[in-house]
Structure formats: structure tokens, C-alpha cells
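Only one structure is covered here, and it is reproduced in the block below.
The values are calculated or read from the model by the stated rules, or taken from the named source; none is laboratory data. Predicted model, so just to flag it, every value in this text is computed and none were measured. As a convention, Cβ positions derive from the backbone with ideal geometry for all residues, glycine included, and neighbour counts pool all protein chains shown. Surface accessibility is based on the protein's heavy atoms, side chains included, excluding ligands, DNA and RNA. Shrake-Rupley method; radii C 1.70, N 1.55, O 1.52, S 1.80 Å.
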Amino acid sequence: MTTAIGLVVNPAAGRDIRRLTGGASVSNNYAKRRTAGCVLAGLTLVDDVDVLVMPDSTGLADRIVDDAPDDLGVEFVDMTVTASGRDSRAAAAHFADHADAVVVLGGDGTTRDVAQTIGDVPVVSISTGTNNVVPTPVDGTVAGAAAALVGSGAVPAAEATTRHGTVEVDVVRSEETTVIRGLATVGVLDRPFVGTRAILDPSDIVGGVVSRSSPAEIGLSGIAGGLVTHRPDDPGGVGFRLSRDGESGATAPATRVKAITVPGNLSTVDVAEHRVLDDGEDYAFEVDRGVISVDGEREHEVRDGTVRLRPVSDGPRLVDVESVLERAADEGRFRLG
């Protein structure tokens, strides 16, 4: 039986302004091509694999397909290329019906786009983005091997994946409501417009809700992680708001926290309040003027509205790459004799 593996490589991931203003690493298209080539090599661990590749407007996917190993069946997804996040969502919608597992090369935004339409298909997410909260820096060959083992059923998906939480947002203005969805973090920023998209100044942060938190992470999840650890597959999330202009906005004194808010930047922030939220529990902000950030990027401008955020445990099924390979080894799948 043939195993179908989807491949998403986002040419735009890992190329924003944080490489000029901070210490974020660079991931150019040559590096992505090499990583994707390693993924394809890893997929050959399992026999009879077909690869479905998301096309793009830069020619990157064409080179990946041209360099594919001869013993893999490789073809493009039949879709319209828009050079936007819609491409990842369209490819993932196709994979939801036609793939047994998916490998994603990108950042948090790319993984979020895939998560919106991928359904229950297991996802291996490789970091080629900026903040590295959800995707992890893993060798492409290792990631490909894990995807092949899970996609083929050699390692059962139910025992090799965890369900990542998400954050839902309702932006309510008069009688209009806009719905936004984040994967790891959604923040409210004191900014008049989207601008460069990247969050560069921690003093802009009003607060937010995260589906995961750890001091080892960057951005909003790192701020919350200085107060409480919340695993990606734990139900619920963490809501917090920062002190503004010396006022805590809460009955208790502000808590000062050190966090890595931007790559290369260890910041000190004053947290006015925080609390662990149940699954589906609202955490609201009244916003006269501001911007909603989603997974590290400014996405949506708000004027005179109420922003209600809530964690929801309905995200993508992420593959635990190391545990998959260890289980396969324990079962003798790497032994030839």
C-alpha cells in the first residue's frame, strides 16, 4: 500500500526584519531546498512513498521536485498559487483528504496556516522561521524518516502525536464581529497600524493569551513562561496583561519578569496580572486603538472594540519525532538482519 506524504515549504519564512534589528537566524531558499532534500531522503526509509508538494511562485518547489530521489513518486498539488498564506491553507486542505502525514518547513505562521485546514493528519513541523515556538530545529532527514514511519502506520499516529492547543479571538465592534485564530500566541499591541508585522518593541505589548508557555520560548509564550509553565497539549492556556504607564491595572502589585521577547533581546516586563485559563474561557481587552498579533506577527488593526481571546484544545496533531524513531528502533525497524 502506498504512503502519501505532503510537503509544504514556505519560501517567505525566516526572512523578516528581525534579522536586521535582532539576532534572528537567516533561512534562505537555498537552505530550505537543502532541508527539503533531506526530508525526501528520510522518506525513503519506508517503501512505496508518494510525495505531494505545494507549488510556489519562486521556483523553490520545482528545484525540490527535480532533486527528488528516483525511488519516490513526487508530484505537485494542483492548486492556484497566490504567494500568500492561502497557499499553505489550500495545500493543507488537499492533504487532509489525500495525505497520511505532512512535513512543513516554515515558522509559526506557516504551521498555523497548515493547522487551519489539515484536520487530523499528523504534522512534522521543521523550523525555518523566526521565533521557533511551535516548529523545532530538527534535521530534515530525521523529520522525513519520522513522517514516513507515522504515515505508513509503522508507528501508530495515535501513539506518536500530541494535540496542540490554539487561541480563538473575537474582535467585537458595534454589531460586527471578526474571528481570528492563532496557534501558540495571540497578543494585543498598543500600535496604530500593522506596519512591519514583526513585534520589535516589548513596550508595545498590552497582553494576550497563549496556548503554551515556557521560559525557553520567545515572545508572548516566553513572557507567560516566566510565571507558569503550560505544555502545548495541556488543556486551556494562560492569559496575561502588562502594566501600562506605571499602573498595574490589578489589585495585586505587578510581577517583574525577564523574557526573551525578540531573538537577541532579553527584556524585563511588568505583568499586572496573569491566570491559567480553562479550555474555552474568555480573557478580554477593551481596545481604543491597537493591533492584534498572531503567532509573533501583527495581523489585524482594531479601533474601539472588545477583543475576547480563549484557548481551545483543537489544534494540529504534531509528531514527536524523537519518540517515533526510538520506538521504531525498539521494534527493530532499523535492523537489516
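For the reader, a short list of remarks on this structure follows.
- Here the accessible area of region 213-307 is 44 percent carbon and sulfur, with a 1.4 angstrom probe and all protein chains present.
- Axis angle, to the nearest 10 degrees, between helix 108-117 and the longest C-alpha principal axis of the chain: 70 degrees.
- DSSP-defined beta bridges in the chain - what % are antiparallel, rounded to 5: 75 percent
- Per-pair calculated FRET efficiency, R0 = 41 Å: Asp314 and Ser203 via Cβ, rounded to 0.05: 0.80
- Å² of accessible area per residue within region 215-300, as computed with a 1.4 Å probe and no ligands counted: 48 Å²
- Highest GNM mean-square fluctuation among Pro215, Pro156, Pro135, for the chain modelled with Cα contacts below 10 Å: Pro156.
- Gain upon complete extension [Asp282, Ala158; 0.36 nm per residue less C-alpha separation]: 41.7 nm
- Cα-only Debye scattering, region 182-337: base-10 log of I(q)/I(0) at q = 0.09, 0.14 Å⁻¹: -0.33, -0.68
- For the chain, leaving out every one of the GluC sites (Glu not before Pro) that falls in a DSSP loop and has at most 13 other Cβ atoms within 10 Å, the longest unbroken run is 1-174.
- Estimated inter-spin distance, Asp304 and Leu336, nm [label 7 Å along Cα→Cβ]: 7.3 nm
- Scanning the chain for chymotrypsin sites (Phe, Trp or Tyr not before Pro) that sit in a DSSP loop and have at most 12 other Cβ atoms within 10 Å, the longest stretch containing none of them is 1-192.
- Crossing angle, helix 29-43 versus the chain [Cα axis fit, 0-90 degrees, rounded to tens]: 50 degrees
- Near Val169, once Lys and Arg are set to +1 and Asp and Glu to -1 for all other residues with Cβ below 9 Å from its Cβ, the sum equals +1.
- Set against the 2.2 N^0.38 Å expectation for a compact globular protein, region 114-262 has a Cα radius of gyration ratio of 1.21.
- Proportion of all alpha-carbon pairs of region 109-155 beyond 15 Å (%): 50 percent
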